[in-house]
Amino acid sequence: MLPLSNPKHISIWLLSTIIMVVLMIVIGGVTRLTDSGLSMVEWRPLWGFLPPISKFEWNRVFELYMNSPEYIFKNKGMSLEEFKGIFFWEYFHRLWGRLIGIIFIIPLLFFLILKKIPKYILPKIFIILFLGSLQGFIGWWMVKSGLVNDPTVSQYRLSIHLSNALLILSLLVWVYLDVKEGVSRIKPDFSIFMFSLLFITIIAGSFVAGMDAGLMYNEYPLMGEGLVPENYGEYKLLDPFENPASAQFHHRHLALFTTFCALFYCYKNYFNSVDNNVKKISLLIPIVICSQFFLGIITLVNMVPVYLGALHQTGAVILLILLIYSMHRINLITKI
């Protein structure tokens, strides 16, 4: 039995879940970029664990897809082999979600029975469990928005789906650091501002993805003939969320503002902190965020190929994790 003062197994469990959630977000991004998200038109929480194996089952799921708006309006005439290509990513996305549930819940039950989980992280663990359980329902709710009349997933539901995934990841990383390095406290300081700003910038990117806004204005810094797109503001208050041009405009300038703020944040931390780990992360974050910013431009001007889009989303997740580590380290209360 491991003593509570050295919960090695807990940290391994949390780290494994973190890695799987990061991969899940990347897989979700690829699913979106390959237009695979509406290929599975039924939700089978239990039986959906198994893929179609027989010819009969493949024909059944393909016939269901042929009655969906996406097939009727976008993919009319698609062959079964072509369908299998898009079906793979959506199936893999859902399968990975189920595997995360298994990896998280089974050890959790084991640790609870043995009373191995430190009490100070239990509330956060149960919040993660709740958000993780909710994520499956949000995912199906998102997919359903593209199965009615318009073969397009709601950008609002997509942003909620990604927001919840990022919240789960953030909590997991925070709890892991609590166990591994010591308890920290969230304070209303510049760190929480930076976290909020980065979070909003990533979610702004989900609106770009949800409306395929990256396929227009594929130049930088101009958008057409000026810095501001000509149809900016057409939707008034809903313009940032329903106008693709405005969504891209906001995302690219939020990214620029976030980059400058992050550079100042790291400069401030590097010279004000005596913690060597804080100094190291303050040197690493500027490299990552500048790379991420230029990668975003490269992705845009190349009209969002799948590999660049996936790499850009992966960079955003890595940046979020680094920022959480910095925030956690700065506000440590007790060290292990």
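Restricting the first member to segment 101-121 and to residues that are within 21 Å of Phe137 (Cβ to Cβ), and the second to residues that are loosely packed, with under 11 Cβ neighbours inside 10 Å, no beta-carbon pair is closer than 7 Å while six or more apart or on different chains.
Could you check segment 141-159 and list, in sequence order, the residues that are hydrophobic (A, V, I, L, M, F, W, C) and surrounded by 16 or more Cβ atoms within 10 Å (Cβ to Cβ)? Walk me through it before giving the result.
Residues of segment 141-159 that are hydrophobic (A, V, I, L, M, F, W, C), as a first pass: 141-143, 147-148, 153, 158.
If the condition is that a residue be hydrophobic (A, V, I, L, M, F, W, C) and surrounded by 16 or more Cβ atoms within 10 Å (Cβ to Cβ), then Met142, Val143, Leu147, Val153, Leu158 are the ones that fit.
So is Ser170 under 20 Å from the mean Cα position of the chain (by Cα) and not aromatic (Phe, Trp, Tyr) or not? Even if it seems obvious, please write down each step before you answer.
On the way: under 20 Å from the mean Cα position of the chain (by Cα): yes; not aromatic (Phe, Trp, Tyr): yes.
Taking the combined requirement at face value, the residue satisfies it.
Residues that are surrounded by 15 or more Cβ atoms within 10 Å (Cβ to Cβ), touching an Asp or Glu at 6+ places or on another chain (Cβ under 9 Å), of a type outside the set (S, T, N, Q) and more than 25 Å from Ile18 (Cβ to Cβ): does segment 290-301 have at least one? Checked against the condition, which is being surrounded by 15 or more Cβ atoms within 10 Å (Cβ to Cβ), touching an Asp or Glu at 6+ places or on another chain (Cβ under 9 Å), of a type outside the set (S, T, N, Q) and more than 25 Å from Ile18 (Cβ to Cβ), segment 290-301 yields at least one hit.
Just wondering, is there one or more residues in segment 262-279 that are surrounded by fewer than 21 Cβ atoms within 10 Å (Cβ to Cβ) and within 22 Å of the chain's Cα centre (by Cα)? For segment 262-279, residues surrounded by fewer than 21 Cβ atoms within 10 Å (Cβ to Cβ) and within 22 Å of the chain's Cα centre (by Cα): absent. Just to be sure, is Lys116 modelled with pLDDT under 95 and either outside any helix (DSSP H, G or I) or surrounded by 14 or more Cβ atoms within 10 Å (Cβ to Cβ) (or both)? Here the answer is yes, as Lys116 does meet what is asked. Arg157 meets each of the listed conditions (1) more than 25 Å from Ile105 (Cα to Cα); (2) at pLDDT below 95; (3) part of a helix (DSSP H, G or I) apart from (2). Considering segment 130-154, the residues that are over 17 Å from the mean Cα position of the chain (by Cα) and aliphatic (A, V, I, L, M) include one that is modelled with the lowest pLDDT, namely Val148. Taking first residues from segment 150-165 that are within 9 Å of Ile138 (Cβ to Cβ) and partners that are part of a loop (DSSP other than H, G, I, E, B), the Cβ contacts under 6 Å between residues at least 6 apart in sequence or on separate chains come to Arg157/Ser145. Considering segment 211-241, and only residues there that are touching a residue at least 40 places away in the same chain (Cβ under 8 Å) and in a helix (DSSP H, G or I), the residue that is surrounded by the fewest Cβ atoms within 10 Å (Cβ to Cβ) turns out to be Leu215. In a residue-by-residue description of segment 33-53, the property of being assigned by TED's automatic domain parsing to the domain that holds Leu158, surrounded by 13 or more Cβ atoms within 10 Å (Cβ to Cβ), out of contact with any helix residue (DSSP H, G or I) (no Cβ under 6 Å at 6 or more places or on another chain) and at pLDDT 95 or above applies to no position. Consider segment 29-70 and keep the residues that are of a type in the set (Val, Ile, Thr) and free of Cβ contacts under 8 Å to residues at least 40 places away in the same chain. The one that is farthest from Ala316 (Cα to Cα) is Ile53. The helices (runs of 4 or more DSSP H) located wholly in segment 244-336 that include 3 or more residues which are modelled with pLDDT of 95 or more and of a type in the set (Phe, Trp, Tyr) occupy 244-272. Evaluating Phe83 against the criteria (1) at pLDDT 95 or above; (2) within 20 Å of Met211 (Cα to Cα) leaves one unmet condition, (2).
Does segment 198-210 hold any residues that are under 13 Å from Leu320 (Cβ atoms) and either surrounded by 17 or more Cβ atoms within 10 Å (Cβ to Cβ) or small (Gly, Ala, Ser) (or both), and which are they? Write out each step before concluding.
Initially, segment 198-210 is screened for residues under 13 Å from Leu320 (Cβ atoms), giving 198-203, 205.
Residues satisfying the conditions are Leu198, Phe199, Thr201, Ile202, Ile203, Gly205.
Please find, among Ala245, Ala262, the residue that is touching a Gly at 6+ places or on another chain (Cβ under 9 Å) and hydrophobic (A, V, I, L, M, F, W, C). That would be Ala245, the only listed residue that is touching a Gly at 6+ places or on another chain (Cβ under 9 Å) and hydrophobic (A, V, I, L, M, F, W, C).
Only one residue in His93, His9 is outside any loop (DSSP other than H, G, I, E, B), modelled with pLDDT under 95 and in the same structural domain as Leu166 (by TED's automatic domain parsing), so which one is that? The conditions single out His9. Looking at segment 164-173, can you tell me whether even one residue there is in a helix (DSSP H, G or I) and of a type in the set (S, T, N, Q)? Checked segment 164-173: at least one residue is in a helix (DSSP H, G or I) and of a type in the set (S, T, N, Q).
The values are calculated or read from the model by the stated rules, or taken from the named source; none is laboratory data. On a predicted model such as this, the values are computed, not experimentally measured, just so you know. All Cβ positions, glycine included, derive from the backbone under ideal geometry; neighbour counts span all protein chains shown.
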